[in-house]
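Chemist: There's a structure below that I have some questions on.
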Amino acid sequence: MNIVPPRNAFPLAIAAVAFGFVGLFLLYPLYRVFGASFLDAKGIRFTFENYVRIASSSFYRGSIYNSLSIGVLATLVTTALATPLAFAVARLPIGGKTALVSLAVLPLVLPSFVSAYALLLLVGHAGIVTQALRSIGIPFGSIYGAPGIVLVYALTLYPYVLLPTVAGLKAVDVSVEEASQNLGASRWKSFWTVTFPLVIPSVLSGALLVFIDTLENFGVPFVLAEDKPILAVEAFKLFVGETDTNPASAGVLGVLLVSMAAIVLVIQRRYLARRRFATGAQRSPPLIGIGRGWRILATAYCWGLVLFSLVPFFAVIVIAFLEFRGPVLHAQFSLGNFAELFRRGYRPLVNTLLLSSLAALGVVLLGVPIGYAVTRFRNRLTTLLDIVTTIPFAVAGTVLGIGFILSFNSGWLVLTGGGSIMVLAYTVRKLPFGVRASSAILHQIDPSLEEASINLGVSPMLTFARLTVPLMLGGIVGSMVLTWVTVASELSSTVVLYSGPWQTLTVVMFQALEGTGAGLAAATAALLLFFTVIPVALVYRLLRRHELSLL
Amino acid sequence: MATISIDRVGRSFGAVLAVRDISLEIRDGEFFTLLGPSGCGKTTLLRMIAGFSELDAGAIRFGERRIDTLPPHRRNTGMVFQNYAIFPNLTVGDNVAYGLRARKVPARRIAERVGTVLKLVHLDGYAARWPHQLSGGQLQRVAIARALVIEPEVLLLDEPLSNLDAKLRVEMRGEIRQLQQSLGITALYVTHDQEEALAISDRIAVMHAGEIEQIDQPDGIYCRPATPFVAEFMGISNLLAGTVTRRDGARIVATVGATEFVIATSQPAPGQAVAFCLRPEALRVIAAGDTLPPGWFSLAARIARVEFLGALTRLDVELAGGTTLRVALLDPSYDALSIGRALTLAYDPQRATPFQAP
């Protein structure tokens with residue numbers, strides 16, 4: 001619905017600020033990464049050499065192959081696990097459904113690399129389970145490399161498929177299934193020939209999000225890949241290791257990473273987002289009656305999958321309270337790990353809290369007006385704004401971090417070495433979520449309310465501030481908390497951008513993983529989980545309505 | 001309080017002309033209705049006056065003052081929305097006070113004026129209530145109070161009754177009309193319901209495909225539709241087309257099929273085609289032996305269909321030459337109405353309304 005009061009400067013002002021911000025802190029850094037990939041080592045001469053060099057290296061060809069094959073495999077496994085779960089949640093009479101759904105969305109907000117790390121503690125080389133099995137003579141294969149990475153992705157990313165598929169299944173009107181049965185198809189035949197084809201776009205659209213996430217994820221392969229090269233990790237290693245003026249090779253990997261994700265994102269937007277056949281069902285189809293045996297089986301599958309996905313997080317918390325002697329774990333309660341963590345100072349905790357809060361504030365301050373302009377004032381300018389603010393979805397954190405260093409290390413705007421560069425990177429990365437969340441909230445607020453306010457003499461800008469924002473408040477708080485939580489566990493751009501005193505909890509974990517501080521890493525992870533779960537639990541009622549499905 | 005002059009206003013959405021070159025003068029204190037089917041441009045025209053839809057061409061004035069160049073929040077119009085648009089986060093009192101606060105009226109005056117206007121819409125004592133505690137009809141009253149309290153130059157109502165149930169709709173439209181008359185405010189009302197338009201308007205503009213088909217008082221719109229579209233939109237009618245065979249004083253005689261109709265008009269000339277309408281309720285059944293009312297003419301017909309509608313009975317009758325006519329009868333005697341039966345119908349030639357040649 002368009003409420004364009006003629007010649008209104010308000011959306012123009014929003015667009016100007018938004019384009020300024022996105023231009024400086026997203027497009028310019030990306031341009032610099034792009035530029036770096038086409039310049040020689042000194043950063044002067046234009047060349048294709050870098051691409052040739054990467055392409056001729058079997059190691060980097062391997063990293064592309066690994067990233068893509070792990071991504072595809074993880075997407076297939078995730079979809080295969082999540083689609084039956086979605087079907088059961090939407091259509092089968094399984095036990096404890098409300099609690100199940102609440103728990104099933106948790107992996108979306110929990111840091112995936114913590115899950116990877118827990119897996120390492122349990123079944124890694126020196127893992128508890130590995131040791132125990134070995135001590136009784138059972139050999140245990142390696143979870144390093146592709147199997148472990150795919151497992152962690154499947155267990156942490158399945159809500160991306162689950163949520164849209166459940167929504168899709170519920171959006172199929174009962175009448176189409178009834179029509180099919182009335183024409184003589186059995187219940188199962190109706191489901192497979194009518195309902196299922198209708199939700200395929202929802203399933204695929206979630207699957208593509210999973211794929212994009214696996215491409216850009218830094219923490220999980222960093223923890224579990226061992227010697228296997230993965231694009232997002234190698235880009236970081238190259239960038240840190242490169243001694244030339246121009247980080248050409250890191251630039252090439254960055255461009256590859258962004259291009260691949262961008263292609264998938266375009267497919268997702270172009271072909272799938274618009275192929276939602278079934279919307280606005282008058283009445284959702286009823287639960288399908290199944291026998292007791294099937295019911296137990298379905299309940300076991302759903303609860304099994306959801307609980308299993310949370311096991312790593314429980315394990316981390318338990319392990320954090322056990323005693324480490326060197327790298328060796330002892331089954332004895334101890335606060336030693338936390339003592340060690342805090343002996344090093346409270347700074348990482350304070351940094352995480354401070355930077356996340358500032359970034360969440362930034363996302364709301366930018367995202368809400370942009371969402372408003374995009375939703376309420378439809379024209380070419382706001383359509384462009386909508387597209388531009390989607391770009392960060394396709395930009396791996398590592399690549400954005402590299403772009404930030406290239407852009408703001410010298411010149412008129414120097415930001416490197418401070419906390420502000422991290423806040424800006426986080427804000428850019430989470431901006432799409434802020435925009436989509438506020439635009440979803442706005443779709444539930446009748447535009448005639450704003451028209452009524454303007455008609456009564458309040459200018460569009462004041463109407464937005466005094467009427468629209470208060471009406472959106474619940475949703476804004478919800479999306480702010482979600483932004484906060486996801487920023488607190490951000491690793492991929494943090495690891496490129498942090499410096500000296502600006503270590504965050506994720507950096508402490510990252511460093512402890514590189515060294516031998518397993519106990520320290522576990523305590524940090526537990527602390528991070530605490531600061532993630534508590535805020536989400538507090539605002540869960542607000543979140544349930546819509547925001548989780550937008551992450 | 002003001003006249004509204006709409007001067008050659010146009011607006012297109014892409015290739016669709018929503019409003020085509022409309023000119024219209026709404027008098028001071030008049031209750032004026034834009035009537036038409038959905039998509040005819042009536043809401044776009046109203047929103048142009050409120051400032052929520054842009055003009056491609058033309059000008060709108062309140063009195064002498066041009067307002068289409070003003071932003072919507074400076075036009076001083078009071079608008080009542082189809083879905084009421086009551087702010088759910090404010091109490092009834094604060095909803096009504098909203099426009100006054102925007103105008104920086106002192107707090108004491110606000111309380112006074114809110115109290116007065118709530119009394120006017122029969123909601124005194126409701127100021128502290130929340131919108132979700134109110135019924136649809138009450139919300140509608142709040143919306144009207146909120147629009148009136150700012151003493152707007154014109155009151156704009158966009159299908160305000162379409163969300164209410166039938167009984168309440170009839171009650172509210174009476175109240176709106178009474179309120180408008182007692183305040184003497186210029187009101188522009190948009191609806192697709194012809195009965196509603198007829199019941200409350202001083203004048204009606206019937207719109208179709210972005211253009212005005214006819215502007216007239218309610219009885220003129222109903223009894224003397226200017227175009228076939230207006231005739232059909234204002235209720236089932238007999239749209240007939242034939243050829244003028246001769247002139248008979250101030251009347252013409254036209255042949256439709258094999259039946260002659262007499263129309264009280266001097267145009268068009270014999271030999272030319274003529275289109276006209278004859279309302280179903282303008283036809284009467286003449287029992288055998290009864291005389292025709294003076295100046296009326298009769299038709300021989302045969303009953304093809306009978307539809308009993310309660311207060312009304314509808315007949316489809318066939319005339320010589322195969323033309324079908326619809327007839328509406330109040331309180332007929334039923335034993336005479338069986339299918340296939342012959343009967344005599346009579347009509348006043350004044351009620352046969354010819355359309356201008358397109």
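Read-outs throughout are calculated quantities, based only on the coordinates presented, and are distinct from any laboratory measurement. Just so you know, these numbers come straight off a predicted model, no measurement behind them. With ideal geometry, Cβ positions are generated from the backbone for all residues, glycine too; neighbour counts draw on all protein chains shown.
Chemist: Send over the semi-axes of region B:50-189's equivalent ellipsoid, whole angstrom and largest first, taken as the square roots of 5 times the C-alpha gyration tensor eigenvalues. Walk me through the intermediate numbers first.
Modeler: Numbers: eigenvalues 120, 72, 40 Å².
Result for region B:50-189: semi-axes of 24, 19, 14 Å.
Chemist: Rank these for me by crowding, A:ILE317, A:ILE94, going from fewest to most other beta carbons within 10 Å. Write down the numbers at each step before the final one.
Modeler: Details: A:ILE317 18, A:ILE94 21.
Least to most surrounded, the residues fall as A:ILE317, A:ILE94.
Chemist: Counting only other chains, what is the mean number of Cβ atoms within 10 angstrom of the Cβ of each residue in peptide B:65-78?
Modeler: Mean partner shielding for this stretch: 4.
Chemist: Mind jotting down a quarter of the surface of the convex hull over the alpha carbons of the protein assembly as shown, in square nanometres, one decimal? Mind dumping the intermediate values first?
Modeler: Details: hull surface 210.7 nm².
For the protein assembly as shown, averaging the hull's shadow over all directions gives 52.7 nm².
Chemist: For B:LYS167, which lysines qualify as cross-link partners when the Cα separation must be under 28 Å and same-chain residues fewer than eight apart are set aside?
Modeler: Cross-link targets: B:LYS42, B:LYS119.
Chemist: While we're looking at this one, here's another question. Find the centroid of the Cα atoms in region B:40-91 and in region A:143-166, then give the distance between the two in whole Å.
Modeler: Result: 53 Å between the Cα centres.
Chemist: Give the long-range amide H neighbours of B:MET79: residues separated by 5 or more places, or on another chain, with amide H under 5 Å away, using H modelled in the peptide plane at 1.01 Å from N.
Modeler: B:LEU156
Chemist: Fewest to most neighbouring Cβ within 10 Å: what's the order for B:HIS208, B:HIS122?
Modeler: Values: B:HIS208 19, B:HIS122 11.
Fewest-to-most ranking of B:HIS208, B:HIS122: B:HIS122, B:HIS208.
Chemist: Determine the calculated [θ] at 222 nm for chain A from helices alone, applying -39500 (n - 2.57) to every DSSP H run no shorter than 4 residues and normalising by the residue count; nearest 500 deg cm²/dmol.
Modeler: -22000 deg cm²/dmol
Chemist: Give me the extension gain from A:GLU323 to A:LEU133: residue separation times 0.36 nm, minus the current Cα-Cα distance, reported in nm with one decimal. Mind showing how you got there, number by number?
Modeler: Numbers: separation 190, 0.36 × 190 = 68.40 nm, distance 2.04 nm.
Result for the pair: 66.4 nm of gain on full extension.
Chemist: Output the antiparallel fraction of DSSP beta bridges having both residues in chain B, as a percent to the nearest 5.
Modeler: 75 percent
Chemist: Ok, one more. Using modelled amide H (1.01 Å from N, peptide plane; none on Pro or chain starts), what sits under 5 Å from the amide H of A:SER334, excluding residues fewer than 5 places away?
Modeler: A:LEU322, A:GLU323
Chemist: In debye to the nearest 20, how big a dipole does region A:305-414 give about its Cα centre with +1 on each Lys and Arg Cβ and -1 on each Asp and Glu Cβ?
Modeler: Working: 7 positive and 3 negative charges, 46 e Å.
It works out to roughly 220 debye.
Chemist: Sketch the reach of a paramagnetic label on A:ALA9 as a point 7 Å from Cα along Cα-to-Cβ, and name the residues of region A:416-460 whose backbone nitrogen lies under 17 Å away.
Modeler: Inside the label zone: A:458-460.
Chemist: Average partner chain C-beta neighbours within 10 Å, per residue of A:444-454?
Modeler: 6
Chemist: Could I ask something else about it? Normalising by the residue count of chain B, find the relative contact order in percent from Cα pairs under 8 Å and 6+ residues apart.
Modeler: Relative CO of chain B lands at 16 percent.
Chemist: So if we plug the beta-carbon distance of A:PHE342 and A:LEU310 into 1/(1 + (r/R0)^6) with R0 = 22 Å, what FRET efficiency do we get, rounded to 0.05?
Modeler: After rounding to 0.05, the efficiency reads 0.25.
Chemist: Follow-up. Just check region A:1-160 against the gyration tensor rule for me: Cα atoms, a ≥ b ≥ c as the square roots of the eigenvalues, rounded for a/c under 1.5, and otherwise prolate or oblate depending on whether a/b exceeds b/c.
Modeler: oblate
Chemist: Within region A:374-419, which chymotrypsin sites (Phe, Trp or Tyr not before Pro) sit in a loop by DSSP and count at most 15 neighbouring Cβ atoms inside 10 Å?
Modeler: Counting only loop positions with at most 15 other Cβ atoms within 10 Å, the chymotrypsin sites (Phe, Trp or Tyr not before Pro) in region A:374-419 are A:TRP412.
Chemist: How would you rank A:THR416, A:THR483, going from fewest to most other Cβ atoms within 10 Å of each one's own Cβ?
Modeler: If I rank by nearby Cβ atoms, fewest first, I get A:THR416, A:THR483.
Chemist: Next question. Taking the Cα centroid of region A:63-131 and of region B:180-201, what is the distance between the two, rounded to the nearest whole Å?
Modeler: Using only Cα atoms to place each centre, the spacing works out to 62 Å.
Chemist: I've got another one for you. Once phi is turned into θ = phi - 60°, what whole-Hz ³J(HN,Hα) does the Karplus curve with 6.51, -1.76 and 1.60 give for every residue of region A:351-356, x standing for Gly and Pro?
Modeler: 4, 4, 4, 5, 5, 4
Chemist: To the nearest 20 Debye, how big is the dipole of the protein assembly as shown about its Cα centre, given +1 on the beta carbon of each Lys and Arg and -1 on that of each Asp and Glu? The partial results should precede the final answer.
Modeler: Details: 74 positive and 59 negative charges, 283 e Å.
Result for the protein assembly as shown is approximately 1360 debye, rounded to the nearest 20.
Chemist: Okay, next question. Quick one: Cα centre-to-centre distance for region B:337-354 and region B:291-316, in angstrom?
Modeler: Between the Cα centres of region B:337-354 and region B:291-316 lies a distance of 5 Å.
Chemist: Tell me which lysines have Cα within less than 16 Å of A:LYS228's Cα, excluding those fewer than 8 residues away on the same chain?
Modeler: A:LYS237
Chemist: Suppose a student asked you for the relative contact order of region A:1-123, using Cα pairs under 8 Å spaced at least 6 residues apart; what percent would you report?
Modeler: Computed value for region A:1-123: 7 percent relative contact order.
Chemist: Tally Lys and Arg at +1 and Asp and Glu at -1 over the other residues with C-beta under 9 Å from the C-beta of B:ALA59: what net charge comes out?
Modeler: Counting the neighbours of B:ALA59, the net charge comes to +1.
Chemist: Of all the Cα-Cα pairs you can form in region A:39-120, what percent are over 22 Å apart?
Modeler: 57 percent
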